[in-house]
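The values are calculated or read from the model by the stated rules, or taken from the named source; none is laboratory data. Fair warning: this is a prediction, and the values are worked out from it, not measured in the lab. Methodologically, a virtual Cβ is constructed for each residue, glycine included, from the backbone with ideal geometry; neighbour enumeration extends over all protein chains shown. Areas reflect the complete protein model, heavy atoms only, side chains present, ligands, DNA and RNA absent. Shrake-Rupley method; radii C 1.70, N 1.55, O 1.52, S 1.80 Å.
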Amino acid sequence: MMSKTFIRTVKNLERSQFEILRLRIMAFIFALVAGGLFIIMIGYNPVELYGTIISGAFRSKMAIQATIKIMIPLLMSSLGVTLAFKMKFWNIGAEGQIIMGAVFSSYFALFHSNLPHGLLLLIMFVAGFIGGGLWGLIPAIFKTRHNTNETLFTLMLNYIALHVISFLRDGPWKDPGSSGFPKIARFVTNAQLDKVFGIQFGWIIGIILVVIIFIYLRYTKQGYEINVVGESQSTARYAGMNVKKIILRTMILSGGICGLTGVIQSAGSDMTLAASVAGGVGFTAIIVAWLANLNPVGILLVSFLFSILEKGSSVMQSTYGLSTYSAAVLQGIILFFILGCEFFVRYKFVFGNKGGARS
Amino acid sequence: MIERNIENYAIELKGISKKFGSVVANNSIDLDIKYGEILALLGENGSGKTTLMNMLSGIYYPDGGTITVAGKDVTISSPNDAINLGIGMIHQHFKLVEAFNAVDNIVLGTKGKYQKPKVLKEKISEISNKFGLEIDSDKEVYNMSVSEKQTIEIMKVLYRGAKILILDEPTAVLTPQETEKLFRILRKMKEQGSAIIIITHKLNEVMEISDRVAILRKGNLIDTVKTCCTDENKLTELMVGRPVSLKIKRPETDNKKTILKVVDLSVVGEDGREALKNINFKLKRGEILGVAGIAGSGQKELCESIAGLMKIKHGAVLCNKENIIGKTPDEIIDLGISMSFVPEDRLGMGLVSSMGMVENVMLKSYKKNKGFFIDKNPARKLSEQLVKKLEIVTRNVDMPVRMMSGGNVQKVLLGREIESNPNVLITAYPVRGLDINSSYLIYDLLNEQKQKGVAVLFIGEDLDVLLEISDRIMVLCHGEVKGIVDAKNTTKEEIGLMMAGRSMEGADDDE
């Protein structure tokens, strides 16, 4: 028998929960090892540096508060994009939706700040939801009417949103008290979110949202419709569902939740409307949502881990005087392994003349 | 024969095994075929026929066993290896470039120097003459009929010098006349010394064309018998594992009243061509109206336009004298018109593959309970009833339906439609790919509905089945109704001619 060695990938759908867990743990260990090699290369002790990451995220009350503060927008926007992703609507535009939410609510924070505190906050949240929802609705309208590509559409809207802030900052909303330096004024205390346990109350909203989205997707008619549309639009139509309406509605919700993220970030953390209000969170949210398998409870966990990494590495960076970039490289390495592991959860390699593929 | 002449054997398989995860698709199979022989591979769905042949054509790689081609042990690890060994497979779904003409499709992917079209054409016509194939070299594939496309597929493998041909259910898409033509070609190839393996589950064809029959059941080779020494009943018994009656019932019903009337219905299909042209027919309570036609003659469009899923160009569909054109699918479901279409991939429409039975069963009825939240309990109860009543094999009612076998999936689909107590039941290809047992269960279900007074529109593939179960048969060809005939007084040949485009006198009158 003539023989050849070859390597092929085989779709493997029958991994047990235990195997998957083992794979993930292995990926994590590999990530630490590879990251460790990098740390050794730049002349530090990996164990110490890793220790700093963990302790950096938890070493004091303030550190924990800072970690949670990083987590809030990540958690909320991940929940937002999850709604769209469940429907297989590739909403890459969380970034822009966050910004538009922040812009809409900032209008009230800046120009109607004398309203009663509770009412003002309520109006800001509603405005933020509308702003984000609108930014989510636009690509959905074009998708349902003209079948445009939502990935490109939502992506491009991010840049438009970003420049809307620049425009407001340099023009109509420029802080007159900033002596020529273009920036938007700091929100007055009345327009800032209150603190609960020393952290802005966005974290409570985040946790409530986890519960709401979980129930919404699993136990409501609308959640059921989202799932069916995501699986097959023709099936949904066949079952008598109004697919267009469902897409539009879901994108308002998805964008709206991202919009709320913008409110919480601007009025809770930045205390002003900065161009960096989203700061890439909308993109990281996509990774978080997928790593958690679009499960709201999983998103809570994954976004927490992400924030530890984020906060910890900033502490590591300042403690050891590392450049921002080396911390980013380390984060990249860890993410690479964690995401790469997903490939092995779904596929396996076959070496030599064994096994076979279901093509 | 005293000494076995090894050169005579085109293929010898010894102990071929193949597993997919924990499922044994092929279990230590020994099979051989000589040059100049036609071997039929018979077996129910999931018996491992296609898997076995896919290993010969290099799509899968066996877990164990040896393959010998023309006396030599070989390793077939890619379709290219298979072609180099002279093995060509003709798949159920054609793999042709629609925009290319016949010649381009035939030579596509072959190695060697560029040759002028004229030279290629000569080469092709030489092969065509040898085997009796009819090929119009300059015709583009999108202008071809299914049968012509199939001829191109056969030509493709012959052009590559294949001496061993594997055909996967080649007659499923052909009219009886086209099938005859194909068989003539196969016989000619056999005379020229080719080895031919034909996968099928149509018994009459097995009897007609093959020299030997190999029967597979649940991944095991049950027996190999000479065709001349067997008959259809024996083959069925071998295939199913016990004697089965092959008679389909056609119960008589009375009080047949027209419930659905289709008037001058025209529909433009997805490709912009007119998919249905001035269709007229009536559907009555308590009858099964069979619809025959070659694949793609407008069956899908007919279903979808009645179900409200397609835009209608003109015409009307009257349900109890109320025009349903312009109503949403939702409103049509409420009128009691239920459609179950089993597409080629079985799951495409009607079921959500990643959801369990419960969530699929409530697909059309979830809106009925009031409020914002969904109530899964009635669907759960119904699912459990269906599992019992229809003998659906599933681990539990929450297991994703994509993990069920095809037959069970179809039972879920049809079961749900029937449980909605429809007035009109449209069912397309409900037994597509099902084994004999499940098929008969489905026929019984349809007859039961008919006796309850439901009007059943049954779009089928197998003419024998249509002839037995239907009260009347409507034949579609290129989106036109070629005639509606009484199933008791027609013949397969007559329907075949209509499928190919000849018009007949109608039997669509009010009684």
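Can you confirm whether B:Thr224 is in contact with a Lys or Arg (Cβ under 7 Å, 6 or more places away or on another chain), farther than 20 Å from B:Leu31 by Cα, open to solvent by 10 Å² or more (accessible area, probe 1.4 Å) and hydroxyl-bearing (Ser, Thr, Tyr)?
no
Does the range A:177-186 contain any residue that is exposed (fewer than 11 other Cβ atoms within 10 Å of the Cβ), of a type in the set (Phe, Trp, Tyr) and farther than 30 Å from A:Ile64 by Cα?
Yes.
When only residues in the range B:306-326 that are more than 12 Å from B:Leu260 (Cα to Cα) and open to solvent by 60 Å² or more (accessible area, probe 1.4 Å) count, which is nearest to the other protein chains (Cβ to nearest Cβ)?
B:Lys311
Looking at this structure, is B:Ser128 out of contact with any Asp or Glu (no Cβ under 6 Å at 6 or more places or on another chain) and either surrounded by fewer than 14 Cβ atoms within 10 Å (Cβ to Cβ) or not in a helix (DSSP H, G or I) (or both)?
Answer is no for this residue.
When only residues in the range A:139-172 that are part of a helix (DSSP H, G or I) and without any contact (Cβ under 8 Å) to a residue 40 or more places away in the chain count, which is most open to solvent (accessible area, probe 1.4 Å)?
Filtering first and then ranking leaves A:Arg145.
Looking at A:Leu260, A:Leu273, A:Leu309, A:Leu305, which is the one that is under 29 Å from A:Val196 (Cβ atoms) and open to solvent by 40 Å² or more (accessible area, probe 1.4 Å)?
None of the other options fit; the residue is A:Leu305.
Please go through the range B:304-332 and give me each residue that is part of a helix (DSSP H, G or I) and under 30 Å from the mean Cα position of the chain (by Cα), ordered by number.
Within the range B:304-332, B:Glu304, B:Ser305, B:Ile306, B:Pro329, B:Asp330, B:Ile332 meet the criteria.
Yes/no matrix, rows are residues, columns are (1) aliphatic (A, V, I, L, M); (2) more than 30 Å from B:Val146 (Cβ to Cβ):
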site: B:Gly290; (1), (2): no, no
site: B:Lys313; (1), (2): no, no
site: B:Ser338; (1), (2): no, no
site: B:Val352; (1), (2): yes, yes
site: B:Lys376; (1), (2): no, yes
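A:Phe89 versus (1) assigned to a loop (DSSP other than H, G, I, E, B); (2) open to solvent by 10 Å² or more (accessible area, probe 1.4 Å): which is the lone unmet condition?
Result: A:Phe89 fails condition (2) only.
Restricting attention to the range B:454-478, and to residues there that are open to solvent by 10 Å² or more (accessible area, probe 1.4 Å) and outside any loop (DSSP other than H, G, I, E, B), which single residue is modelled with the highest pLDDT?
If we take residues in the range B:454-478 being open to solvent by 10 Å² or more (accessible area, probe 1.4 Å) and outside any loop (DSSP other than H, G, I, E, B), then B:Arg472 is modelled with the highest pLDDT.
Which condition number in (1) open to solvent by 10 Å² or more (accessible area, probe 1.4 Å); (2) more than 27 Å from B:Gly415 (Cα to Cα) is the one that B:Val267 fails?
Every listed condition holds for B:Val267 apart from (1).
For the range A:49-72, name all the residues that are open to solvent by less than 60 Å² (accessible area, probe 1.4 Å) and either at pLDDT 95 or above or among the hydrophobic types (A, V, I, L, M, F, W, C) (or both).
Once the filter is applied, which keeps residues that are open to solvent by less than 60 Å² (accessible area, probe 1.4 Å) and either at pLDDT 95 or above or among the hydrophobic types (A, V, I, L, M, F, W, C) (or both), the range A:49-72 yields A:Leu49, A:Ile53, A:Ala57, A:Ala63, A:Ala66, A:Ile68, A:Ile70, A:Met71, A:Ile72.
If we only count helices (runs of 4 or more DSSP H) wholly inside the range B:333-425, which ones have 1 or more residues that are modelled with pLDDT of 85 or more and in contact with a strand residue (DSSP E or B) (Cβ under 8 Å, 6 or more places away or on another chain)?
Of the helices (runs of 4 or more DSSP H) lying wholly inside the range B:333-425, those with at least 1 residues that are modelled with pLDDT of 85 or more and in contact with a strand residue (DSSP E or B) (Cβ under 8 Å, 6 or more places away or on another chain) span B:406-419.
Considering (1) touching a strand residue (DSSP E or B) at 6+ places or on another chain (Cβ under 8 Å); (2) on the phi > 0 side of the Ramachandran plot, say which one B:Gly161 fails and leave the rest.
B:Gly161 satisfies every listed condition except (1).
Kindly list, by first and then second residue, each pair from a residue in the range A:21-45 that is part of a helix (DSSP H, G or I) to a residue that is open to solvent by 70 Å² or more (accessible area, probe 1.4 Å), limited to pairs with Cβ atoms under 7 Å and residues at least 6 apart or on different chains.
A:Leu23/A:Phe344
Could you look through the range A:225-249, keep only residues that are more than 7 Å from every other protein chain (Cβ to nearest Cβ) and outside any helix (DSSP H, G or I), and pick out the one that is most open to solvent (accessible area, probe 1.4 Å)?
Restricting to residues being more than 7 Å from every other protein chain (Cβ to nearest Cβ) and outside any helix (DSSP H, G or I), the top hit is A:Asn242.
I'm trying to understand the selection: among the residues of the range A:212-224, which are open to solvent by 50 Å² or more (accessible area, probe 1.4 Å) and without any contact (Cβ under 8 Å) to a residue 12 or more places away in the chain?
A:Ile212, A:Ile215, A:Arg218, A:Tyr219
For A:Gly282, indicate whether it is closer than 25 Å to A:Leu335 by Cα and either touching a residue at least 60 places away in the same chain (Cβ under 8 Å) or at the interface with chain B (Cβ under 10 Å from one of its Cβ atoms) (or both).
Yes, satisfied.
So, A:Thr261, is that one more than 14 Å from every other protein chain (Cβ to nearest Cβ), in contact with a helix residue (DSSP H, G or I) (Cβ under 6 Å, 6 or more places away or on another chain) and among the β-branched types (Val, Ile, Thr) or not?
The answer is yes for A:Thr261.
Look at A:Leu134 and say whether it is in a helix (DSSP H, G or I) and modelled with pLDDT of 95 or more.
yes
For B:Gly272, state whether it is under 24 Å from the mean Cα position of the chain (by Cα) and among the small types (Gly, Ala, Ser).
Considered against the rule, which asks whether it is under 24 Å from the mean Cα position of the chain (by Cα) and among the small types (Gly, Ala, Ser), B:Gly272 comes out as no.
Checking the conditions here, which among A:Gly118, A:Gly128 is part of a helix (DSSP H, G or I) and surrounded by fewer than 24 Cβ atoms within 10 Å (Cβ to Cβ)?
A:Gly118
Just name the residue that is nearest to B:Lys234 (Cα to Cα) out of those in the range B:194-219 that are assigned to a loop (DSSP other than H, G, I, E, B), at pLDDT below 90 and not basic (Lys, Arg).
Step by step, filter the range B:194-219, then rank; the result is B:His201.
Quick check on A:Val196: is it surrounded by fewer than 16 Cβ atoms within 10 Å (Cβ to Cβ) and under 24 Å from the mean Cα position of the chain (by Cα)?
Judged against the criteria, A:Val196 is a match.
Please determine whether any residue of the range B:288-303 is surrounded by 18 or more Cβ atoms within 10 Å (Cβ to Cβ), under 27 Å from B:Phe341 (Cα atoms) and over 25 Å from the mean Cα position of the chain (by Cα).
So far as the range B:288-303 goes, no, none of its residues is surrounded by 18 or more Cβ atoms within 10 Å (Cβ to Cβ), under 27 Å from B:Phe341 (Cα atoms) and over 25 Å from the mean Cα position of the chain (by Cα).
For B:Asn280, indicate whether it is without any contact (Cβ under 8 Å) to a residue 12 or more places away in the chain, away from chain A (no Cβ under 14 Å) and closer than 26 Å to B:Lys450 by Cα.
Judged against the criteria, B:Asn280 is not a match.
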